[in-house]
Amino acid sequence: MTATGGGTGDEEVLLRREGRAAYLVLNRPRALNALTHTMVRRVDEALAEWEKDPAVETVVVTGTGERGLCAGGDIRAIHEDARTGGTASADFWRDEYRLNALIARYPKPYVAVMDGIVMGGGVGIAAHGSVRIVTERSRVAMPETGIGFVPDVGGTYLLGLAPGELGTHLALTGTAVGAADALLCGLADHYVPSELLPGLIGDLAHAPVHDVLTRYVAEAPPGELGAHRAWIDECYAADTVEGILDRLGASGLPAAEEAAAALLAKSPTALKVTLAALRRARRLGPLERVLEQEYRVSCAALSSPDLVEGIRAQVVDKDRDPRWSPATLAEVTDADVARFFTPLGARELRLATADPAQEVPW
């Protein structure tokens, strides 16, 4: 594959080179740059080529359009696949999670410009990078529980590392955060006002990343999560989703009550599996082990009625009235949750790590 110039306009990923930098632009603006399998493969090929090219010192990732970097994976395609019992989504996730691991270990500066909406698969493309930039327009989220799914693309790894129980709050409620809160939770590194992005992106072609950042980085506008740390840490430290809801309700705080209401609208199964996945992720070690766990969970979700129903309600029919099955947390058994973590045998995702000591003997 040869990195191109600006592209034809119908290409889903635009590649170009300028000076010391290589630029990768997600180019599905009408779909908010949602990732297709073709896009994942194209990004992987470009990164592999640029890694070996000594003329490329920095990789810069942006998205076309004014609305955001990337809204996630193409969930309409996932809906059709899950509805018809297909395997295309499992193949997509296998390559996507491999790409997430590659980004996290990339040996050159990987500058992700997280302007606007960055959700789901967009977090996987951006938040594993070494230089993650947010702006006053950034809205970063892992909203999967609202469609009967579970945070993936290394989301349970990233949120598991957030201070206290902030990551648990974000994973279960799907709350979108702005720049300051993304910085607080470890999902981003630097704040740059959006009006300065063209200058920063252009300057990266001519100077090292550190030198460029010092000219553009500013202090982010105040966030919200820091002021809520006390009740978030207390409530989300409970061992079960039911326990979390009890604590939220007993707190007497309007913000906690809003969080409880948000949880009650999500898939009960997805909530319980998400909490289990987060707690397990904290004990698994490197990102690769967590991605392997997420692959098991994602594949199991394909045969869960809530994934089809959640996408139908939120994206296809847009009636915003999903009928979850089971409908209540009390009906979701430990066995129901354990099913999502069942090893896949020959279909397991197996990822190498940078440290051979972290390898698992299969």
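The values are calculated or read from the model by the stated rules, or taken from the named source; none is laboratory data. Here the structure is a predicted model, which is why all the values come from computation and not from measurement. Here the Cβ positions follow ideal geometry from the backbone for every residue, glycine too, while neighbour counts run over all protein chains shown.
Whether any residue in the range 41-57 is modelled with pLDDT of 95 or more and in a strand (DSSP E or B) is what I want to check.
There is no residue in the range 41-57 that is modelled with pLDDT of 95 or more and in a strand (DSSP E or B).
Of the residues that make up the range 221-228, is at least one in contact (Cβ under 8 Å) with a residue 60 or more places away in the chain, in contact with a helix residue (DSSP H, G or I) (Cβ under 9 Å, 6 or more places away or on another chain) and surrounded by 15 or more Cβ atoms within 10 Å (Cβ to Cβ)?
no
Could you say whether any residue in the range 128-142 is buried (at least 24 other Cβ atoms within 10 Å of the Cβ), under 24 Å from Leu329 (Cα atoms) and not hydroxyl-bearing (Ser, Thr, Tyr)?
So far as the range 128-142 goes, yes, one or more of its residues are buried (at least 24 other Cβ atoms within 10 Å of the Cβ), under 24 Å from Leu329 (Cα atoms) and not hydroxyl-bearing (Ser, Thr, Tyr).
Out of Leu248, Leu278, Leu263, Leu197, report the one residue that is assigned to a helix (DSSP H, G or I), modelled with pLDDT of 95 or more and closer than 17 Å to Val134 by Cβ.
From the options Leu248, Leu278, Leu263, Leu197, the qualifying one is Leu197.
Scan the range 58-79 residue by residue and report those that are part of a loop (DSSP other than H, G, I, E, B) and buried (at least 24 other Cβ atoms within 10 Å of the Cβ).
Those that are part of a loop (DSSP other than H, G, I, E, B) and buried (at least 24 other Cβ atoms within 10 Å of the Cβ): Ala71, Gly72.
Identify, please: which residue in the range 314-326 is over 21 Å from the mean Cα position of the chain (by Cα) and surrounded by 13 or more Cβ atoms within 10 Å (Cβ to Cβ) and is, among those, farthest from Ile78 (Cα to Cα)?
Pro326
Out of Pro286, Pro268, Pro305, report the one residue that is in contact with a helix residue (DSSP H, G or I) (Cβ under 6 Å, 6 or more places away or on another chain) and over 20 Å from Leu170 (Cβ atoms).
Only one candidate passes the filter, namely Pro286.
Residues that are surrounded by fewer than 20 Cβ atoms within 10 Å (Cβ to Cβ), charged (D, E, K, R) and within 26 Å of Gln293 (Cβ to Cβ): does the range 186-201 have at least one?
The answer is yes; a qualifying residue exists.
Determine which member of the set Val150, Val140 is out of contact with any His (no Cβ under 8 Å at 6 or more places or on another chain), aliphatic (A, V, I, L, M), modelled with pLDDT of 95 or more and farther than 25 Å from Leu213 by Cα.
Val150
Any residue at all in the range 26-47 that is without any contact (Cβ under 8 Å) to a residue 40 or more places away in the chain, closer than 18 Å to His128 by Cβ, touching a helix residue (DSSP H, G or I) at 6+ places or on another chain (Cβ under 9 Å) and among the hydrophobic types (A, V, I, L, M, F, W, C)?
No, because not a single residue in the range 26-47 is without any contact (Cβ under 8 Å) to a residue 40 or more places away in the chain, closer than 18 Å to His128 by Cβ, touching a helix residue (DSSP H, G or I) at 6+ places or on another chain (Cβ under 9 Å) and among the hydrophobic types (A, V, I, L, M, F, W, C).
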